[in-house]
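Worksheet: the structure to be examined is printed underneath.
The values are calculated or read from the model by the stated rules, or taken from the named source; none is laboratory data. Keep in mind that what you see is a predicted model, and the values were worked out from it rather than measured. Here the Cβ positions follow ideal geometry from the backbone for every residue, glycine too, while neighbour counts run over all protein chains shown. The area values use the complete protein model at the heavy-atom level, side chains included, leaving out ligands, DNA and RNA. Shrake-Rupley method; radii C 1.70, N 1.55, O 1.52, S 1.80 Å.
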Amino acid sequence: MIRVALISVVLTIVLTLSGCVSLPDSSQQAIELGQQRFDSDYQFAIVSYYNDTQIASSTPNRIAESFTANTDREWLRILLASQQRQEDKERQLAAASQAYNLVPGVADIEQLFGDTLQTYLGVTPVYLSRAEIRRRLNEEFMESSAMMHAKAMAAEQNHDAVLVVYFQPLLAEVDGFPFGYQLTYEATVAARSSKADRLMYFVKRFYPCERKVISSASNANAFEAMKNCEQNIHVAIVEDFMEFAKSAGVVSAADTPDQAGFVNLN
C-alpha cells in the first residue's frame with residue numbers, strides 16, 4: 001500500500017511539472033512536435049526556473065557520534081564551528097539558486113535555447129518573466145508548478161508554444177572530504193503547444209558536475225563551481241532537444257550540435 005501511494009505521488013509531481021493530465025510517450029511527443037508549423041510568425045515562449053537546492057548530509061550524525069564522555073572540549077568546539085560553517089554554506093547555496101528566479105533579464109539557458117530554436121526551427125523566441133512566475137506561485141493557496149503558470153502567461157500573450165527548463169541542484173557529501181559535496185543537477189525540460197495544449201517534449205535527467213563544492217571554501221569558489229557546471233549542462237540540455245527534433249523530422253539530420261550556433265561557454 002505504501003509503495004502504491006509513493007508511486008502515485010511521484011507520478012503526480014511529474015505530471016504537474018510537465019503541465020499534463022497525462023504523459024504521452026516520446027513517439028507521441030515527436031508527432032506533436034512534427035505537426036507544428038514553424039516559421040517566423042511562430043512565437044516560442046521560453047523560461048527557466050530553479051527549485052530549492054536539496055542537500056543530503058550526514059555531518060550532524062558524525063558530530064553527535066563524537067560526543068563522548070572523554071571527548072576533548074577543544075575538539076568539540078572545532079566540530080561545532082565546522083558544522084556552523086557548513087550550515088551557513090548550505091543556506092548560501094540554496095539562496096543562490098532561488099535568487100535566480102528573481103533576477104530580471106534573459107538567463108543563459110534561455111538565450112541558448114532561443115538562439116537555437118530561431119536558427120533551426122525558424123521561430124521567434126520570446127522570454128517569460130521568472131519573477132512573475134515566482135509571484136504567481138507565492139500567491140497560491142495550493143501548489144502547482146512553473147509550467148502551469150508559464151502556460152497561462154503564454155496563452156495570455158497569444159504565444160504558440162512554451163518551453164520550461166527546471167533546475168534543481170543536489171548536494172551530497174563526499175566520503176573522505178570533510179564538509180565537501182558532490183554537486184549534481186536534476187534538469188527537467190518540458191515544451192507544450194499552447195493552443196492545442198499538448199506535450200511536444202519532456203525529458204528529465206541528472207547531470208553530475210566534475211568539480212566538488214567544498215563548503216569550507218570561499219563563496220566565490222563554490223559559486224564558480226556551480227556556474228561552470230551549469231554552463232556545461234546548458235549545452236547538454238539543448239543538444240538533447242536537438243537530437244529529439246531530428247527524430248521528429250523538424251531539424252535536418254545533417255545539423256550537429258556544434259553547428260547549432262552553440263557558444264563556447266567553458
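Structure notes:
- Residue by residue, region 161-174 carries 3J(HN,Hα) couplings of 8, 9, 10, 10, 10, 9, 10, 9, x, 10, 10, 10, 4, 9 Hz when phi is fed to the Karplus relation 6.51 cos²θ - 1.76 cosθ + 1.60 (θ = phi - 60°); x denotes Gly or Pro.
- Within the assembled protein chains, the solvent-accessible surface assigned to residue 184 is about 30 Å², based on a 1.4 Å probe.
- Environment charge of residue 248, counting only residues whose C-beta is closer than 14 Å and scoring Lys/Arg +1, Asp/Glu -1: -2
- Calculated from backbone phi, Karplus (6.51, -1.76, 1.60) coupling profile of region 182-191 in Hz, x at Gly/Pro: 8, 9, 10, 10, 9, 10, 10, 10, 9, 10
- Amide H partners (placed H, <5 Å) of residue 49, local residues excluded: 165, 166, 167
- Formal net charge of residues neighbouring residue 114 (Cβ-Cβ distance under 15 Å; K, R +1; D, E -1): -3
- In Å², nearest 10: area of residue 25 left accessible to a 1.4 Å probe: 80
- Accessible-area rank, largest first, for 143, 243: 143, 243, with all protein chains present and a 1.4 angstrom probe.
- Solvent-accessible ranking of 134, 37, 192, 91, largest area first, probe 1.4 Å: 37, 91, 134, 192
- Counting charges near residue 197 (Lys, Arg +1; Asp, Glu -1) among other residues having Cβ under 15 Å from its Cβ returns a value of +1.
- Legend: residues 167, 38, 141, 206, sorted from most to least accessible area (1.4 Å probe; ligands, DNA and RNA excluded), read 141, 206, 38, 167.
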